[in-house]
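For reference, the structure discussed in these notes is given below.
The values are calculated or read from the model by the stated rules, or taken from the named source; none is laboratory data. Just so you know, these numbers come straight off a predicted model, no measurement behind them. Please note: Cβ atoms are built from the backbone with ideal geometry, for glycine as well, and neighbour counts cover all protein chains shown. Heavy atoms of the whole protein, side chains included, go into the accessibility calculation; ligands, DNA and RNA do not. Shrake-Rupley method; radii C 1.70, N 1.55, O 1.52, S 1.80 Å.
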Amino acid sequence: MGAMTARAEEFCRRYGMRMPILLAPMAGVPAPALSVAVANAGGMGSCGVLLMAPDAILGWARGVRAGTNGPFNLNIWIPDPPPERDRGSEDAVRGFLSAWGPPVPEGAGDATPPDFAAQCEAMLEAGPAVISSVMGIFAPDFVARLKARGIAWFANVSTVAEARAAEAAGADAVVAQGMEAGGHRGCFDAAAAEAGMVGLFSLLPAVVDAVRIPVVATGGIADGRGVAAALALGASAAQIGTGFLRCPEAGIPRAWADSLTTTPPEATVVSRVFSGRTGRSLPTAYVRAATAPGAPRPAPYPVQRGLTAAMREQGVRTNDLDRLQAWAGQSASLARAEPAGELAGAIWADARRLLPAGAD
């Protein structure tokens with residue numbers, strides 16, 4: 001058995017998996033069905049709980065356990081400091097958004113995520129195999145409570161320095177996120193999210209060399225070639241998000257799913273125009289307009305998220321791509337419209353065929 005395969009198999013044994021493929025936590029895909037399918041295929045399911053109340057978190061976990069005995073991961077953002085508000089700038093954004101959806105209520109920017117401490121308590125009560133962090137690291141007391149309950153902590157990182165900090169804080173594994181990833185950039189420092197972008201092929205081996213804990217690769221991985229490459233570069237497993245978005249279990253709006261197939265790597269756009277935090281999306285008409293010269297500067301997170309809520313909700317109701325928060329990674333065109341369990345199995349089978357049996 002080669003070292004690459006042995007490393008992946010050890011990771012799978014540790015977390016109750018049969019293949020080293022994790023579903024990326026995506027807050028826009030909260031239904032349990034996708035996680036159930038991936039877990040039943042032998043991978044790990046996941047949920048981004050950022051916008052979920054404690055009861056919803058517990059309900060999601062019950063829903064997954066009703067469909068699978070496989071492992072799952074609950075992921076949450078480490079809260080940002082309170083944003084600096086500029087009412088004049090927010091009014092400019094509200095005026096700009098009036099052309100893209102219903103009128104934006106004056107207090108829309110006051111919306112805040114659910115209580116972080118209560119969400120953490122709910123995650124502990126849910127008792128998943130893994131609780132993961134993004135945008136920072138957990139406080140020491142919470143890490144101690146995780147370990148006391150036998151729950152692993154995976155920390156999403158985007159730099160070598162972040163990986164070292166997570167390991168020093170007690171993380172059981174780090175998820176190295178290349179800039180190719182769809183959705184929000186997981187940088188600890190929001191201000192560095194656009195200037196400090198590093199591709200996965202450079203980031204992954206550097207993180208593997210810098211830490212002693214397992215490394216999960218994510219960002220631009222959507223098929224067996226990507227999984228095999230990640231393992232060859234030292235990863236213990238691969239995490240896939242956009243690659244599963246066309247699966248029927250994802251349940252995303254049809255316009256979003258269909259557009260993935262025609263989006264080449266160079267077409268996706270990194271911006272702050274949906275939430276105030278940097279993320280990679282499809283180049284919709286709204287994104288192009290909101291990033292054009294002369295467009296108002298986005299408000300900070302979570303103010304911008306509140307301001308764009310009416311537009312985004314209308315986009316979902318009407319299946320209107322130009323008003324959807326259509327996240328997409330740079331390998332979007334590789335996503336396949338197949339049942340998620342079959343797709344996960346096919347990706348791992350393809351990766352195994354590419355991995356040399358005796359590789360060191």
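Taking V287, is it β-branched (V, I, T) and either part of a loop (DSSP other than H, G, I, E, B) or touching a Cys at 6+ places or on another chain (Cβ under 6 Å) (or both)?
It is false that V287 is β-branched (V, I, T) and either part of a loop (DSSP other than H, G, I, E, B) or touching a Cys at 6+ places or on another chain (Cβ under 6 Å) (or both).
Looking at A335, A299, A255, A326 in this structure, which one is in contact with a strand residue (DSSP E or B) (Cβ under 6 Å, 6 or more places away or on another chain), modelled with pLDDT of 95 or more, among the small types (G, A, S) and surrounded by 15 or more Cβ atoms within 10 Å (Cβ to Cβ)?
Exactly one residue qualifies, and that residue is A326.
List the number of the failed condition for T68; all other conditions in (1) out of contact with any strand residue (DSSP E or B) (no Cβ under 9 Å at 6 or more places or on another chain); (2) polar (S, T, N, Q); (3) at pLDDT 95 or above hold.
Of everything listed in (1) out of contact with any strand residue (DSSP E or B) (no Cβ under 9 Å at 6 or more places or on another chain); (2) polar (S, T, N, Q); (3) at pLDDT 95 or above, T68 misses just condition (1).
Select, from L58, L74, L97, the only residue that is within 30 Å of A346 (Cα to Cα) and modelled with pLDDT of 95 or more.
Going through L58, L74, L97 in turn, the sole match is L74.
Return yes or no: is G243 under 20 Å from the mean Cα position of the chain (by Cα) and open to solvent by 20 Å² or more (accessible area, probe 1.4 Å)?
No; evaluated as a whole, the condition is false for this residue.
Just to verify a result, which residue in the range 144-175, among those that are hydrophobic (A, V, I, L, M, F, W, C) and more than 24 Å from P20 (Cα to Cα), is farthest from the chain's Cα centre (by Cα)?
Among those residues, the one meeting the criterion is A148.
Starting from residues that are of a type in the set (D, E) and touching a residue at least 40 places away in the same chain (Cβ under 8 Å), keep the ones in the range 85-114 and report whichever is nearest to R149 (Cα to Cα).
My answer is D110.
Identify, from the list V227, V216, V273, the residue that is open to solvent by less than 10 Å² (accessible area, probe 1.4 Å) and within 30 Å of F96 (Cα to Cα).
V273
Can you confirm whether the range 148-161 contains a residue that is in contact with a Ser or Thr (Cβ under 9 Å, 6 or more places away or on another chain), of a type in the set (A, V, I, L, M) and open to solvent by less than 40 Å² (accessible area, probe 1.4 Å)?
yes
Filter the range 47-73 down to residues that are among the polar types (S, T, N, Q) and touching a residue at least 40 places away in the same chain (Cβ under 8 Å), then give me how many there are.
Residues that pass the stated criteria total 1.
Going through F138, F142 one at a time, which residue ends up being surrounded by fewer than 20 Cβ atoms within 10 Å (Cβ to Cβ) and among the hydrophobic types (A, V, I, L, M, F, W, C)?
F142
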